[in-house]
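**Q** Below is one structure. I have some questions about it.
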Amino acid sequence: MIKKLSILLLILLFFSSCQKRREVSYLFYQPLLNDKIEWREIFSTMNSFGIKILILQWSRYDVVDFMKQKGWLEEILKEAEAKNIKVIVGLYSDNKYFKNIENKSLNLSSYFDTIYNINIQQAKQVYGVAKEFSNFLGWYFTEEIDDLNFKEKKKEEALKAYFKRLSKGIKRVANRPIFLSAFYGQNSPPKEYASMLNRVIPKRIHLLLQSGVGAKLVKFEESKSYMRKFKKSYKANFIPIVELFTIERREIKTMEFEMIKKQIEFFSKNRIGRSIALFSLRYLFSDKLLKAYIKYIHSL
């Protein structure tokens, strides 16, 4: 009887550990031309952590179209599939996006028309490859929504119309889940910001919301308060993003793991979001942080 109870306890502890590990499900990756990545090793490590979804933040950045690199997406999807990792593929990222949405004299609707056409063409290229892989989970829209530049009704309506049109156009290419990101810089109260996002984001699009701690937009305690209030006003579930970087003297560095752990545990304990995303692979796989994360996972 004691032996049976011991075995049951071990099973329960193992199950509990797995449950905790599954709380962090998403990992971002920002492709760069000079990246040399051993995807088999990356996906094997992700799998051991319980991170099951990779978000490719873009497949084209300005004039750099990664789809023109022979086998780029095929390799990622193939190696991910072998390790049971699902992949969300980003579309076109305009490096002048924030300058354009800040420009008060720009016709925002015309600008969105332009990037809509590029995104649809990019989606067709992506799906030409991705349709062959069962682990192609969905799409990522690269246009992030901040809490400053869409406070004007006219801009908000232009953004709303764009996302509505793009989501319909993308579904005609392939009807898969759609994801997009938002971040706050204390330019709008959480209730007001959540209400705006409720209005502009089409139903069934999954929102990822950045914590803002790494980007130094908010302090950790401010982020906790903001997220709690945001959760009450946002009508759908959302995925909080824990930033793995920090900014010191205008330099971007890997964040100390203790602060990362505090954020993960805050989101988990307070049930903020159905899962957690980490930003990004580039920082997680630095030697110091990776060792700390491995130690943390094994302690659960």
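**Q** Do we have any residue at all in the stretch 158-177 that's more than 30 Å from Ala130 (Cβ to Cβ) and part of a helix (DSSP H, G or I)?
**A** no
**Q** Here is a further query. Assuming Tyr226 fulfils every condition listed in (1) at pLDDT 95 or above; (2) touching a strand residue (DSSP E or B) at 6+ places or on another chain (Cβ under 9 Å); (3) surrounded by 19 or more Cβ atoms within 10 Å (Cβ to Cβ) apart from one, which condition is it?
**A** (2)
**Q** Can you say whether Ser110 is among the hydroxyl-bearing types (Ser, Thr, Tyr), over 22 Å from Pro31 (Cα atoms), in a loop (DSSP other than H, G, I, E, B) and more than 21 Å from the chain's Cα centre (by Cα), as far as the supplied structure shows? Give the derivation first.
**A** Numbers: among the hydroxyl-bearing types (Ser, Thr, Tyr): yes; over 22 Å from Pro31 (Cα atoms): yes; in a loop (DSSP other than H, G, I, E, B): no; more than 21 Å from the chain's Cα centre (by Cα): yes.
No; evaluated as a whole, the condition is false for this residue.
**Q** I've got another one for you. Return the pair list, or none, for Cβ contacts closer than 9 Å from residues in the stretch 108-135 that are over 14 Å from Ser59 (Cα atoms) to residues that are small (Gly, Ala, Ser) and not in a helix (DSSP H, G or I), at least 6 apart or on different chains.
**A** Lys131/Ala174
Residue-wise test of (1) in contact (Cβ under 8 Å) with a residue 12 or more places away in the chain; (2) of a type outside the set (Val, Ile, Thr); (3) surrounded by fewer than 20 Cβ atoms within 10 Å (Cβ to Cβ).
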residue: Asn47; (1), (2), (3): yes, yes, yes
residue: Gly50; (1), (2), (3): yes, yes, yes
residue: Lys70; (1), (2), (3): no, yes, yes
residue: Leu77; (1), (2), (3): yes, yes, no
residue: Gly90; (1), (2), (3): yes, yes, no
residue: Asn100; (1), (2), (3): no, yes, yes
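**Q** For Asn237, state whether it is surrounded by fewer than 18 Cβ atoms within 10 Å (Cβ to Cβ) and of a type outside the set (Asp, Glu).
**A** Yes: the conditions hold for Asn237.
**Q** Could you check the stretch 19-76 and list, in sequence order, the residues that are in a strand (DSSP E or B) and of a type in the set (A, V, I, L, M, F, W, C)? Let's see the steps before the verdict.
**A** As a first pass, look at the stretch 19-76 and keep what is in a strand (DSSP E or B): 24-29, 53-56, 60-61, 64-65.
Scanning the stretch 19-76 gives Val24, Leu27, Phe28, Ile53, Leu54, Ile55, Leu56, Val64.
**Q** Can you pull out every residue in the stretch 238-270 that is touching a Leu at 6+ places or on another chain (Cβ under 8 Å) and at pLDDT below 95?
**A** Scanning the stretch 238-270 gives no hits.
**Q** Right, something else. Out of Ser6, Ser48, Ser16, Ser44, which single residue is at pLDDT 95 or above and farther than 22 Å from Asn95 by Cα? Let's see the steps before the verdict.
**A** Numbers: Ser6 fails: at pLDDT 95 or above; Ser48 fails: at pLDDT 95 or above; Ser16 fails: at pLDDT 95 or above.
Exactly one residue qualifies, and that residue is Ser44.
**Q** Oh, and also: Looking at Phe285, Phe279, Phe267, Phe257 in this structure, which one is in contact (Cβ under 8 Å) with a residue 60 or more places away in the chain, of a type outside the set (S, T, N, Q) and either surrounded by fewer than 20 Cβ atoms within 10 Å (Cβ to Cβ) or over 20 Å from Glu221 (Cα atoms) (or both)?
**A** After applying the criteria, what remains is Phe285.
The values are calculated or read from the model by the stated rules, or taken from the named source; none is laboratory data. Because the structure is a prediction, the values reported are computed rather than measured. We place every Cβ from the backbone using ideal geometry, glycine too, and count neighbours over all the protein chains shown.
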